[in-house]
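One structure is given here, and the rest of the page talks about it.
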């Protein structure tokens, strides 16, 4: 088993192999990049309409966490949510594609509404 100095030297010399990472740890060594909306994406994959509902909601930092504007946005987007629900009932994949497509154009995603297809 290599010592800590030998392992540090391997890392510094870019000789740190996949086997070394598995055996001695370090798969997460360095920077890890995660999408900003990872939680929304995971919930959308689990149940697409729920992910769509969360993308419409805007939570506050203090109590009450949901305000009237949030409920208004959800009610305005009820057609999309119902469409996603029916598509999800049709073998899951169509609803997932529909929900992920609508997630990419949600506010805060970095994609402007002009860049989104109609």
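We did not get these values from a lab; they are worked out from the coordinates using the rules stated. Worth saying up front: this structure is predicted, and the values here are computed from it rather than measured.
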Check: Between residue 38 and residue 13, 0.36 nm times their residue separation minus their Cα-Cα distance comes to what?
Finding: 5.7 nm
Checklist line | Fully extended contour minus Cα-Cα distance, from residue 20 to residue 66, at 0.36 nm per residue | finding: 11.8 nm
Check: How big is Rg to Rh over the stretch 38-103, alpha-carbon atoms, Rh as the Kirkwood inverse-mean-distance radius?
Finding: 1.02
Check: Percent relative contact order of the stretch 38-103, based on C-alpha pairs within less than 8 angstrom and at least six residues apart?
Finding: 36
